[in-house]
Amino acid sequence: MKTIPVVSEIVLAAMLICMPAIAQDTPAQISDAELAAKVKPYTLLFVPGFLSDFQAAYFADQINWAKSNGIDTLRVAIQSENSTAQNSRTVASAVRKSSKPVIMITHSKGGLDTLDMLIKYPDLRPKIKGWIAMQAPFFGSPVADRVYANPALNPMTHIMLEILGGNMGSLNSLRVAVRTRYMSKNAASISSATADISVLCVVYWVKKTSAFSMLSSKDYKSDGVVPVESQKLPDKPFIEIEGADHLTAIRSTPGTDYNRETAFKNFLNTLFK
């Protein structure tokens, strides 16, 4: 893992850190052994989001549960600061190398990288049996717009991404206008690419987040970074959860008791129903 420079901590805080909140989950109505038996025929491929390279705890609860129950897992080694087009090749390589059919578990920009992979590599679609897309900004994030357009934050973000080995294409690919054009242009391909894959979108929102209000002048219903409607893939089922922000869903956040393991088991159980 990389050691993130101080400047990137500042930008990350400005873009992502939200006021913590507590989400309530219904316990999974299935035992670990029963659920593991359903999942073991597959490899779980975890695709993290923007600025995840330095975060060792990213997906830790979900991956630890899977490994403790004998389920094959892999956190795909993307360069999260690269563009969606670049990362989709890395995701495709991970799918191709798996000795088993795969279930994709994605968060945030990782969902965009995975969607691009599904569109560009149709030969891999039969190998992908399921996809849990958590908080993916399919139609973009106004926070990315604000950072990209801010004359103070843009240069600092550019420097940070260069230091981390990435580029501004990663941030640009999260902008609302860019994503809206992408989704419109590829609408038919998206429908075809996901037609035979069991897809579940996990949509989070919190009532109030200070970071989001600092970076956006509009009162969106969101997880603090991504509006609720942006997190939904057209014509695909979704679960909507109140109380977990954009970081709480995938790593421990001080002041919260959101149970990521229980939530993850619920998602998997729902995917298999």
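The values are calculated or read from the model by the stated rules, or taken from the named source; none is laboratory data. All figures in this text were calculated on a predicted structure; none of them were measured in a lab. Cβ sites come from the backbone with ideal geometry, for glycine too, and all protein chains shown count toward neighbours.
Please verify whether segment 20-29 includes one or more residues that are at pLDDT 90 or above, of a type outside the set (Asp, Glu), assigned to a loop (DSSP other than H, G, I, E, B) and in contact with a Phe, Trp or Tyr (Cβ under 9 Å, 6 or more places away or on another chain).
no
Under 9 Å by Cβ, and 6 or more places apart or on different chains, what pairs join a residue from segment 131-143 that is without any contact (Cβ under 8 Å) to a residue 24 or more places away in the chain and over 12 Å from Val202 (Cα atoms) with one that is buried (at least 24 other Cβ atoms within 10 Å of the Cβ) and of a type in the set (A, V, I, L, M, F, W, C)?
Here the result reads none, with nothing in segment 131-143 linked to a residue that is buried (at least 24 other Cβ atoms within 10 Å of the Cβ) and of a type in the set (A, V, I, L, M, F, W, C).
Output the residues belonging to segment 121-141 that are closer than 14 Å to Asp223 by Cα and not hydrophobic (A, V, I, L, M, F, W, C).
Gln135, Pro137, Gly140, Ser141, listed by residue number.
Give, as residue ranges, the helices (runs of 4 or more DSSP H) completely inside segment 173-262 that count at least 1 residues that are basic (Lys, Arg), at pLDDT 85 or above and closer than 16 Å to Lys109 by Cα.
176-185
Condition check: touching a helix residue (DSSP H, G or I) at 6+ places or on another chain (Cβ under 9 Å) and either touching a residue at least 60 places away in the same chain (Cβ under 8 Å) or charged (D, E, K, R) (or both). Does Ile105 satisfy that?
Working: touching a helix residue (DSSP H, G or I) at 6+ places or on another chain (Cβ under 9 Å): yes; either touching a residue at least 60 places away in the same chain (Cβ under 8 Å) or charged (D, E, K, R) (or both): yes.
Criteria met by Ile105.
Residues in segment 110-121: is at least one farther than 28 Å from Lys265 by Cβ, assigned to a loop (DSSP other than H, G, I, E, B), touching a helix residue (DSSP H, G or I) at 6+ places or on another chain (Cβ under 8 Å) and modelled with pLDDT of 95 or more?
yes
Mind checking which pairs have a first residue in segment 65-89 that is on the phi > 0 side of the Ramachandran plot and a second that is at pLDDT 90 or above and assigned to a loop (DSSP other than H, G, I, E, B), Cβ under 9 Å, 6 or more apart or different chains?
Filtered contacts from segment 65-89: Gly70/Lys40.
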